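The values are calculated or read from the model by the stated rules, or taken from the named source; none is laboratory data. Note that this is a predicted model, so its numbers are computed, not measured. Every residue, glycine as well, gets a Cβ built from its backbone with ideal geometry; the counts of neighbours run over all protein chains shown.
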Amino acid sequence: MQPRLRVVGAPDPRDAFRADLHAALAAPQRAISPKYFYDAHGSSLFDAICALPEYYPTRTEVALLARHAGEIARLAGPGAELVEFGAGSLRKVRLLLDALERPARYLPIDISGEHLQQAAAALRREHPALAVQPVVADYTEPLQLPWPPAGAGLRLGFFPGSTIGNFDPAQALRFLRMAARLLRGGALLLGADLVKDPAVLHAAYNDAAGVTAAFNLNLLARANRELGADFDLEGFAHGAFYNSPLRRIEMHLVSRRTQQVALDGRAYRFAEGETLHTENSYKFTVDGLRALAREAGFSPGPVWTDPQRLFSLHWLSAPA
């Protein structure tokens, strides 16, 4: 029998969302973590973004995984246990699971429990012999994972999608140090978006169909649904641009006019043009990412890139 959904962390996630949103709205420069994009609807919208013609990261990373899955499987060895941080729809991991020799178990970690449970159920139908144990948790916080099953081989972490770029440099280092401890004696397979022509980046985060805009605005819709806020979605616009000196895409929700927003009886004023900063997406050089991994305690191994050097996959060995 497959294990049931494992829920980690007692607090109601809405309490954290409420506290963080109050803190963001009260701050002089308003910003909130992008993890709050990912309720069930937000996760579905992100899946739609990944299929857009402008959004190169997903198809490029999928092609790299398909091309190099055999080599990755040889590095992992037989009986590997796979741990995915921010698992989402579990699309990319299928390429690894199909290549790995007798994987011992798969632990997908994601903050969106409903979306994760549905994705895990579909994966179980495709791989009935695989132990799939979903972990509903915020992987940016300290984690405790179950012990590997008896006879398991290397513990392989998987962190695709350049989600590492959503952290600022200090947060990225902190996450990698945590991952090195969780994966000790194993390895991390990390996807990282590379520095490139800003025009390519601008198109990827400002798609013609407006899906990224809907994804961004869903954060406000979620606050209304879950927290009883009264954001007027027509009063905010999606904004995304490349900050070249900081090597990052910034996403903002821009107030179209002077307005007030209420949350738990507290009023917050937005001036016209004022923003709520919802996401950063840092871009990397190969050498820069390898240096960051070394600082976190990993030993960088093979790196795979596409011919246009849009994206990179890194094998990072964790100390025992």
Name the helices (runs of 4 or more DSSP H) wholly within region 1-117 that hold at least 2 residues that are under 22 Å from Val132 (Cα atoms) and outside the structural domain of Pro149 (by TED's automatic domain parsing)?
40-50
Just one of the numbered conditions (1) assigned to a helix (DSSP H, G or I); (2) surrounded by 16 or more Cβ atoms within 10 Å (Cβ to Cβ) is not true of Asp193; which one?
(1)
Is it true that some residue in region 265-277 is under 22 Å from Gly161 (Cβ atoms) and either free of Cβ contacts under 8 Å to residues at least 60 places away in the same chain or under 20 Å from the mean Cα position of the chain (by Cα) (or both)?
yes
Give the residues of region 90-119 that are surrounded by fewer than 20 Cβ atoms within 10 Å (Cβ to Cβ), among the small types (Gly, Ala, Ser) and at pLDDT below 90, sorted by residue number.
Gly113
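Go through Gly265, Gly301, Gly273 for me and flag whichever is surrounded by fewer than 17 Cβ atoms within 10 Å (Cβ to Cβ) and more than 30 Å from His22 (Cα to Cα). Let's see the steps before the verdict.
Numbers: Gly265 fails: more than 30 Å from His22 (Cα to Cα); Gly273 fails: more than 30 Å from His22 (Cα to Cα).
Of Gly265, Gly301, Gly273, the one residue that is surrounded by fewer than 17 Cβ atoms within 10 Å (Cβ to Cβ) and more than 30 Å from His22 (Cα to Cα) is Gly301.
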Can you report the number of residues in region 226-244 which are assigned to a strand (DSSP E or B) and either more than 27 Å from the chain's Cα centre (by Cα) or of a type in the set (A, V, I, L, M, F, W, C) (or both)?
4
If you take the residues in region 108-128 that are out of contact with any helix residue (DSSP H, G or I) (no Cβ under 7 Å at 6 or more places or on another chain) and of a type in the set (Gly, Ala, Ser), which one is nearest to Gly88 (Cα to Cα)?
Ala119
Sort out which residues of region 227-244 are surrounded by fewer than 15 Cβ atoms within 10 Å (Cβ to Cβ) and in contact (Cβ under 8 Å) with a residue 40 or more places away in the chain, and write them in order of number.
Ser244
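One residue is enough: does region 245-261 have a residue meeting the conditions at pLDDT 95 or above, assigned to a helix (DSSP H, G or I), surrounded by fewer than 14 Cβ atoms within 10 Å (Cβ to Cβ) and of a type outside the set (Phe, Trp, Tyr)?
No: zero hits.
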